[in-house]
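Report on the structure given below.
The values are calculated or read from the model by the stated rules, or taken from the named source; none is laboratory data. For clarity, every value in this text was computed on a predicted model and none was experimentally measured. FYI the Cβ positions are ideal-geometry reconstructions off the backbone, even for glycines, and counts take in every protein chain you see.
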Ligand code: NAD
Ligand code: TYD
């Protein structure tokens, strides 16, 4: 396949490009990424069969130009951080909604297959004791400008499938962890804090639950969807990885040689979702896919090692990210 991967220089996109090139030697990848704060050209440096075009999905002519010659588009590009969406919601609407419409219009024009990467956050949150996890039938109930913009983008995809017959699928995945994640996010922020002698900073009470999946497992599922996914179908992706933020912090402290309770509670995020949890059983069956990282502690340990060995990836961003958090009391 010749793929156009939007956002391919960010966290999940970089891992997707690297994994796909290594596991599918016939594939070629064109990456479209504006190299915003979370995207780095160096993530893709030296990769064969991969070409990076630096540009914006809001540039419709560019999107059309690149879509002409590919077999499929995998659309990762987005503004991805909830905290940032509380400071600059407009950018999230532009990139995540209008940008997705540009991709859809290009797919309509050139009859290109699309896989749209979405999130479980479109479903809002669950009570901590709710026995029913998110399924395909869960109503959309987003809480933040980020999750609302992703929900709106999903609706656009569905409308383009129904009204224009675009061959598009959607996946809603839970929280990813792995290499190349920007230091603004929870796990890389805590790991790099520890390297710098700063205690992890936990929002609110730390009881909030996230459902963790290793990024390689997510990306294997995305490739399976490209191979066997049905038009108009939605796939929920997760790895039964529910943990409270405090459980993650304690595990991380232990792995890094600190007292488990050596963390600081800081002010809570506005509208902070309590819990996400994905029931991915239908996807396991339909895609013949199951996550390989079943031991979160082992996965986390390998991510700590990766950040230790790759200071060039995060050091330059760290001070500015922390200055921004400090202004928010976090
Ligand atoms: P990221 O912020 O690390 O990467 C996003 C990439 O998109 C960056 O390289 C950025 O430069 C690029 N980008 C942003 N705006 C762009 C624009 N207008 N034009 C071109 N490129 C642009 O995010 P991520 O964590 O890799 O997330 C990728 C996708 O996966 C997003 O759609 C996100 O909603 C979704 N997702 C993320 C998670 C998670 O846990 N990180 C979970 C489920 C779904
Ligand atoms: P984050 O990585 O921002 O992902 P998301 O908001 O998409 O779930 O945050 C994961 C969880 O960690 C979330 O409950 C907020 C919390 N959190 C902290 O407690 N401390 C932090 O420094 C950060 C960045 C997040």
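Among the residues of the range 199-226, which ones are more than 21 Å from residue 297 (Cα to Cα) and within 11 Å of ligand 2 (Cβ to nearest atom)?
Within the range 199-226, 203, 204, 205 qualify.
Mind checking which pairs have a first residue in the range 275-290 that is farther than 22 Å from residue 243 by Cα and at pLDDT 95 or above and a second that is assigned to a helix (DSSP H, G or I) and within 16 Å of ligand 1 (Cβ to nearest atom), Cβ under 8 Å, 6 or more apart or different chains?
Within 8 Å, the pairs are 287/221; 287/225; 289/220; 289/221; 289/283.
If I ask for residues that are free of Cβ contacts under 8 Å to residues at least 60 places away in the same chain and touching a helix residue (DSSP H, G or I) at 6+ places or on another chain (Cβ under 7 Å), which ones from the range 57-88 would you list?
57, 58, 60, 63, 64, 68
Taking the range 305-321 as the search range and keeping residues that are within 16 Å of ligand 2 (Cβ to nearest atom) and under 21 Å from the mean Cα position of the chain (by Cα), which one is nearest to residue 187 (Cα to Cα)?
Looking at residues that are within 16 Å of ligand 2 (Cβ to nearest atom) and under 21 Å from the mean Cα position of the chain (by Cα), I get 307.
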